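Bear in mind these aren't lab numbers, they're just calculated from the coordinates by the rules spelled out. Just so it is clear, the structure is predicted and the values come from calculations on it, not from any experiment. Because the Cβ atoms are built from the backbone with ideal geometry, glycine has one as well, and the counts that use them run over all protein chains shown.
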């Protein structure tokens, strides 16, 4: 990734480009980069992107979905295992025919796993993918500009 | 079991070996020898292909024969396993798959070492990955040996030993010649075979009961001699509080361990993007969920059709429940249908073991070459190509696995799979999650998190009843048992997280802000992903 080409004209790539998400244009080096400084600037690009509003929004959407999701399915699973081992009476209570509470809870785990999977895939597709892809190209553009070479 | 079963099963199995070797040869003729090719199959698999391969890597013979056998013997309690194995995939999907695809290259250590001082972290993560893989591998090798004894009726020690050697030799050939591309195709072939076999048996069971699941369950309960208790938890894990706590511990290890298994993590690098990694996990959750649902039907079916007494008579652990069920569904012993179905089940079980060991061998050879060798070799020594080292590492791991498999041949090693999950959850998961989500995580924290989970997990097992102090232990003659549980997860997983936190807050190293920014941006956007 750290490919430095001293003859590469930095001003031809990524100069003054806005990322389209309201982020100010980054400071792009004016001339050829020395190797060490180029790597340092490439790292600055990531800090800059991390502080950008667009990235904060993507990260917020990811965390706001994932944190409650993980909490919910882990609590539900642990509750199921603990109930199965400590309260077999409750689990043995019949519901319909041969089916008892334990059977319903076990099948419920399967059903909720499929539902959680569907919800995550849908959320990622509709709420994150496009924004993340735009950020990806912008970040790579900036990094390329900062490094003064094709990564 | 008559000679017909054995001949047909051997023929079918030889067919599978021939096909897989043909795949390996075909793939290795077009290889370029790059690391990208060897570890990640060129990263060009489609989500569906990778989803089948993940399912192939994950559905071991222990699930196919073991879970349905447990259900046939103990009813509901066997089902608890399947639920744990499935729910674990939500952890992978939500927290690991996409992020790991975005910021790693080939192994777990790539993700962790990116923002740390590379050498100690790589050595730690590599060592724990190899440990997990070897534990899992030995369990599969020993399983292969006893499967031969069970299914082919050849109980002689020599047949078991040659099976272990044969399985080891084949997996080394697949991996060192074919790399990730051959291994992936073998997983796909095996997943299709295993799923088709399971679907056929499930349909036959349901047909036998005219689609009436209620009657299937009631018949199973009736034949078990336990009545309604067979359909509720408690027959296996409902004893004293010790065994209940032990099951909760195992449940935690199962659900948190999958996300730390090296051979599962390496599968995400075989697809081009994080989005493809997500879609392959969605595929695999569908396939794995369907598979475990069917094993439940097969387990209760075996209890209803064959009966727990006959199952226990054939194998005390219940591992022959599905083959016996197949024999009965096909028309009984001596009939053509029964012979064919039995042989198919036996061959599918072998294929399953073979494919799973190949996947694990590949992942551990990647850890040895990419993490351990790359960090430990002398700086100015002779530079060998990493892929060449990985091929030799695969052979070395094969030899170690064969050796351990032969030594452990007569031991009850079923606990090794649970242990592999416990080590993965205690040593690999904390360091992975901390590196992805904790800004202040430091090198010392990473190293402590790995060793702080790995050492307690191994140590507690050495002090547990599986090693000494009870008639079923590995060394029944001696007693140095101080830890009451068979699975260390409930203690060692929190210890792994605790050690990582402690190592971080006590180190005077300033956390690398820019490094974390890079990890965070890359993991969520895919910028700079290879």
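In chain B, the longest principal axis of the Cα atoms and the axis of helix B:274-305 are about 20 degrees apart. Extending 7 Å from Cα along the Cβ direction at residue B:207 and again at residue B:119 yields two label points whose distance is 6.5 nm. Peptide B:84-96 is shielded by partner chain Cβ atoms: per residue, an average of 5 of them sit within 10 Å of its Cβ. Viscosity 1.002 mPa s, temperature 20 °C: what is the translational diffusion coefficient of the range B:15-112 from Stokes-Einstein with a Kirkwood Rh over Cα pairs, rounded to a whole number of µm²/s? This corresponds to a translational diffusion coefficient of 129 µm²/s. Label-to-label distance for residue B:438 and residue B:377 is 3.3 nm, based on points extended 7 Å past Cα in the beta-carbon direction. Peptides B:299-308, A:68-77 ranked from most to least packed give B:299-308, A:68-77, packing being the mean of other C-beta atoms within 10 angstrom over each peptide's residues. Mean per-residue shielding of peptide A:123-132 is 3, counting Cβ atoms of other chains within 10 Å of each Cβ. The packing ranking, built from the mean of other Cβ atoms within 10 Å per residue, places the peptides B:472-480, B:41-49 in the order B:41-49, B:472-480, highest first. Note on residue A:82 and residue A:53: with the Förster distance fixed at 41 Å, the Cβ-Cβ geometry gives a FRET efficiency of about 0.45. Percent of Cα pairs in the range B:294-353 per distance bin of 10 Å, from zero to the largest separation: 26, 55, 20.
The order of the peptides B:441-454, B:420-433, B:490-503 by mean Cβ neighbours within 10 Å, most packed first, is B:420-433, B:441-454, B:490-503. To the nearest ten degrees, helix B:118-152 and the longest principal axis of the Cα atoms of chain B are 10 degrees apart.
For the pair residue B:14 and residue B:162, label points projected 7 Å from Cα toward Cβ lie 1.3 nm apart. What is the angle, in °, between the Cα long axis of helix B:443-462 and the longest principal axis of the Cα atoms in chain B? Nearest 10 is fine, range 0 to 90. Once rounded, one gets 30 degrees. Taking a ≥ b ≥ c as the square roots of the eigenvalues of the Cα gyration tensor, the range B:386-530 is oblate, since a/c reaches 1.5 or more and a/b is not larger than b/c. With the convex hull of the Cα atoms taken as the outline of chain B, the averaged projected area works out to 24.1 nm². Just so you know, the Cα atoms of the protein assembly as shown work out to an Rg and Dmax of 25.7, 85 Å. Taking every residue in A:56-66 and counting other chain Cβ atoms within 10 Å of its Cβ, the average works out to 2. Taking square-rooted eigenvalues a ≥ b ≥ c of the alpha carbon gyration tensor, is the range A:66-151 rounded, prolate or oblate, where a/c under 1.5 means rounded and, failing that, a/b exceeding b/c means prolate? Prolate.
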